1. Going by the conditions given, is residue B:269 part of a helix (DSSP H, G or I), facing chain A (nearest Cβ under 9 Å) and within 11 Å of the ligand (Cβ to nearest atom)?
2. Could you tell me whether the range B:36-50 includes any residue that is touching a helix residue (DSSP H, G or I) at 6+ places or on another chain (Cβ under 7 Å) and within 14 Å of chain A (Cβ to nearest Cβ)?
3. Select the strands (runs of 3 or more DSSP E) contained entirely in the range B:65-143, then report the ones holding at least 1 residues which are without any contact (Cβ under 8 Å) to a residue 24 or more places away in the chain.
4. So, residue B:138, is that one over 29 Å from residue A:138 (Cα atoms), surrounded by 21 or more Cβ atoms within 10 Å (Cβ to Cβ) and not assigned by TED's automatic domain parsing to the domain that holds residue B:251 or not?
5. Can you give me the ranges of the strands (runs of 3 or more DSSP E) entirely in the range B:162-231 with at least 1 residues that are modelled with pLDDT of 95 or more and surrounded by fewer than 21 Cβ atoms within 10 Å (Cβ to Cβ)?
6. Give just the number: which of (1) buried (at least 22 other Cβ atoms within 10 Å of the Cβ); (2) closer than 27 Å to residue A:177 by Cα does residue B:280 not satisfy?
7. Where the second residue is in a strand (DSSP E or B) and within 16 Å of the ligand (Cβ to nearest atom) and the first is closer than 16 Å to residue B:270 by Cβ and facing another protein chain (nearest Cβ under 9 Å) and lies in the range A:10-23, which pairs have Cβ atoms under 8 Å and are six or more apart or on separate chains?
8. If a residue must be within 9 Å of the ligand (Cβ to nearest atom), modelled with pLDDT of 95 or more, facing another protein chain (nearest Cβ under 10 Å) and in a helix (DSSP H, G or I), how many such residues does the range B:272-302 contain?
Ligand SMILES: Cc1cc2nc3c(=O)[nH]c(=O)nc-3n(C[C@H](O)[C@H](O)[C@H](O)COP(=O)(O)OP(=O)(O)OC[C@H]3O[C@@H](n4cnc5c(N)ncnc54)[C@H](O)[C@@H]3O)c2cc1C
């Protein structure tokens, strides 16, 4: 059984968000890069757990990006996974990225493709669904629990206003979120072995981008807080009602 | 040509976010000088023609209970057929769980550029540019869609549902549905609660509340305000509150009209998910808590003393 885990790099959650070149580029200056948390904490760790439960499982990681993504991929390999594939091209919009992933997935005969719920930089939540459509596979979005018995999966997923439990036969695409697994930290053995695990670099296929970012904008700063004395909650209520008009 | 608006039904009723989306879509249709049409999948007890009062002229209804559960594959297939029939150039979804499961598939099916998480009307002079949140609410991006057919998912609470005078005709849509590969075993709805992403008012608390046994203070305030409840990540991690209440960069992103942050320090990851709230009230005993910098109103003090008084003061004005 083969699992493909989609991994992307994202700025550390404490990174200062700023832009350069007339607000057209993200300012990389001083930014630490991390594995996108949803990919790492939930998608990758759940795949590793499946491998721990069944030695016949192989895990491949895939990322779309240039060589500066390699440290992130090595970090992911330190957590677990057998080998990584990097599609050697600057990532563009989600349609483009999904086209690249689908192309690799087609030839890899994967039983299961995991993505994170979304990336914390572009927040598209769309790669999983797009890959599923390219491959004509069922797509289970926002999964919070995933169990496997032979080729039948039982998945709990979030739906509007609650959750749904469903059964699907592999192969499928699943986007993973909180509940799927508990975040782990890599151990020394993992870090050492990651150095020698294969990281295959493949060239991209020709694909379109359907969208492009013109420029960025930062939200306006708040005017400043109005403080109210702790023994005067009535004043807060009055302000919310008469000034802000929100209650 | 038309703008096609996906109107979501939940438990047989039209969702509130769908009305926001219709108003948004009707406005875009007006700017593009085309007609606004709605697509409804599944059965409903609501009178669909009332959607005319939000600006759609035609409602295409696939009136079949097999569609009452959202299933990305069949939804994609049917919506794609309708897009073709109506020559729609723009398809709109809410950026909620349903939108996130269907819009990406449809994007590939139609080779239609997708922008998810729009926060404003597109700019349509000289291209088609959509403003969306990026970096989990820390910034915005202006994104051009370059394909012929386009898809946008709209963030909740960003465009008001506007009632207008109008009527809509309903047209039934006949389709074939193949059996789903996904077998639903159970559906558990959280009943009676206001969905977090749709709530106008959210009362949220953090580690400052000390333990789950004290949450009555939070839910009590939420109740008098008819608000949803939320929490910081450590609170959900410790299982003091359910995971779906976790807001922030790695939880749910929300933009209510009023957000109460009680005993939450205001870490950057938390702020990312809530800083689009219109008005933020912070209650924290530490005057140096970073959250005060992001707040509109603040009280420096002990939540355990303030909350009962605040709940009473609000319930007093609500009763007069
Ligand atoms: C990769 C990553 C992602 C993260 N994502 C998120 C996220 O999505 N959402 C999120 O919330 N966090 C997230 N975090 C965690 C975040 O950094 C903070 O640790 C967290 O938000 C702190 O939660 P808190 O404010 O409840 O607790 P604390 O930081 O412990 O703050 C408690 C606050 O309560 C106040 N307090 C204490 N007692 C009282 C009292 N009696 N009355 C009034 N006030 C009182 C204190 O002064 C303090 O300000 C993330 C962290 C990382 C590293």
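The values are calculated or read from the model by the stated rules, or taken from the named source; none is laboratory data. Remember, it's a predicted structure, so these values are computed and weren't measured experimentally. Neighbour counts are summed over all protein chains in view; Cβ atoms, including those assigned to glycine, are modelled from backbone coordinates with ideal geometry.
1. The answer is yes for residue B:269.
2. There is at least one residue in the range B:36-50 that is touching a helix residue (DSSP H, G or I) at 6+ places or on another chain (Cβ under 7 Å) and within 14 Å of chain A (Cβ to nearest Cβ).
3. Where strands (runs of 3 or more DSSP E) fall fully within the range B:65-143 and carry at least 1 residues being without any contact (Cβ under 8 Å) to a residue 24 or more places away in the chain, they are B:129-134.
4. yes
5. B:169-172, B:182-189
6. (2)
7. A:13/A:34; A:17/A:11
8. 1
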